[in-house]
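Worksheet: one structure, shown below.
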Amino acid sequence: MFLFKSKSARKRRSEYVDAVKIFIQVHYVRERSSERYKYNTLTIKTDPDRDECQNWYAEHNNPDKFPDIVRIYMNEKAITAENLTSKYNLDSSVFSEDNISKGDAVAVCLGLKLNFAQTKALLKTAGHALTNSSEADLLLRYCIENGITALDDINYLLDTVCETTLKEII
């Protein structure tokens, strides 16, 4: 499905695949509702990224609408809607809708280069979340935490590991 432009791209993507598979093995958790796995969770008491994200929301009067938050991030990061839509194959309506698909919402987060805490908060406003019980979600989390934002690389990883693409994630 994906053609490689160079030997270095093949090597880089191969390394990504290996790292993603390890990341998924380490972080994959069964659903909490299962009696067998209910004690398999840990909570982090302090997280500087999460605290910074909460402060950011407070400084911006706690916006709660996906399009409003995206516009604020785009203004602060000097990113245009045209840049995001062309880079991630998005429809321009993603900047005005509250009802956005999970794949498109994640693409926006990747395009804005948000950290994991910011991504979680923004996805929540769109009614989505990245879970530890989905390989695709864990793969996306790995990409976010490791600064992998190129759509071709992400789709290659999703196709190789999960047999899906970012657009197909519901």
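Taken together, the values in this text are just the output of simple stated rules run on the coordinates, not laboratory data. Everything quoted here is computed from the prediction, not taken from an experiment. Neighbour counts are summed over all protein chains in view; Cβ atoms, including those assigned to glycine, are modelled from backbone coordinates with ideal geometry.
Quick one: what pairs do we get from region 76-93, first residue free of Cβ contacts under 8 Å to residues at least 12 places away in the same chain, second among the aliphatic types (A, V, I, L, M), C-beta under 8 Å, 6+ apart or different chains?
From region 76-93, the pairs are 80/74; 85/94; 92/81.
Being under 10 Å from the mean Cα position of the chain (by Cα) and within 12 Å of residue 70 (Cα to Cα) is the filter here; which residues of region 123-143 pass it?
Correct list: 123 only.
Mind listing just one residue for me: the one in region 146-167 that is among the charged types (D, E, K, R) and in a helix (DSSP H, G or I) and, of those, surrounded by the fewest Cβ atoms within 10 Å (Cβ to Cβ)?
Checking each candidate, the answer is 152.
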